[in-house]
Amino acid sequence: MRQLLTLEKFLSRIVMGIGRAGAWIAIPLMVIIIFDVITRRFLVLGSTKLQEGEWHLHAMLFLLCMGFVYLKDGHVRIDLMRERMTSRTRSWVEFLGCLLFAIPYCLIVAWFSIDFVERSWHLNEASDSATGLPYRWAIKAFMPIGMFALLLAGIVVLLRRFIDLFGPPDFRCTVEEQEAQPAEDIEAVAPDRGR
């Protein structure tokens, strides 16, 4: 069990690093959006490159932060049934969900996205617009990276649920502490909403 806990911590650090790096993309994204809105509204200027840059950065932000959000349990859940379940039943549902759905899905999408990026690279794919951004393959390259991060997050959650379900009580406490700690990390990264 100790090796599983060590592996879980190692993989968790990788996912957290990818997510934190991806979170920095929010800054240029906000700057570009504000600049685009101001120039469109007050100067009546528009730029296809700016608009495409916005959705490129948004896609990068989303793809790099998916694993981080799943690891932090910040994703959308349907709480109608979940709240009625016991803690052990929730662990079983999450364990089976990761094993049967999340991990296979990530593997399939990551596998096919590599070919997707490779074809875009060979074609030197660019925007459909004449004034759009070139190098469409560069943005598509974030898909396998994002799916890899989400795959690692799914493995981390699977390991946590495995330890929670089958591990000795002292290891369960360690996993519970580990899961409680990431919420503090989000507060450190996210802006203070109370101000």
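Listed here are the residues, each with its yes/no results for (1) under 18 Å from Pro144 (Cα atoms); (2) surrounded by 15 or more Cβ atoms within 10 Å (Cβ to Cβ).
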site: Gln3; (1), (2): no, no
site: Ile14; (1), (2): yes, yes
site: Ala21; (1), (2): yes, no
site: Asp36; (1), (2): no, yes
site: Arg41; (1), (2): no, no
site: Gln51; (1), (2): no, yes
site: His56; (1), (2): yes, yes
site: Leu61; (1), (2): yes, yes
Residue pairs within 9 Å by beta carbon, gap of at least six or interchain, first lying in region 1-23 and more than 12 Å from Leu159 (Cβ to Cβ) and in contact (Cβ under 8 Å) with a residue 24 or more places away in the chain, second surrounded by 15 or more Cβ atoms within 10 Å (Cβ to Cβ) and acidic (Asp, Glu), listed first then second, are Met16/Asp185; Arg20/Asp185
Selected residue (criterion: surrounded by the most Cβ atoms within 10 Å (Cβ to Cβ)) from residues of region 63-93 that are in contact with a Lys or Arg (Cβ under 8 Å, 6 or more places away or on another chain) and of a type in the set (Lys, Arg) = Arg90
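Select from region 25-46 the residues that are in contact (Cβ under 8 Å) with a residue 12 or more places away in the chain and in a loop (DSSP other than H, G, I, E, B) and list them in ascending order.
Initially, region 25-46 is screened for residues in contact (Cβ under 8 Å) with a residue 12 or more places away in the chain, giving 25-26, 28-29, 32-33, 35-36.
Hit for region 25-46 is Ile25, nothing else.
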Among the residues of region 137-148, is there at least one that is within 17 Å of the chain's Cα centre (by Cα) and open to solvent by 70 Å² or more (accessible area, probe 1.4 Å)?
-> yes
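The values are calculated or read from the model by the stated rules, or taken from the named source; none is laboratory data. Everything numeric here is computed off the predicted structure, so don't read it as measured data. Glycine also receives a Cβ, built like all others from the backbone with ideal geometry; neighbour counts cover every protein chain displayed. Heads up: the accessible areas ignore ligands, DNA and RNA and are worked out on the full protein's heavy atoms, side chains in. Shrake-Rupley method; radii C 1.70, N 1.55, O 1.52, S 1.80 Å.
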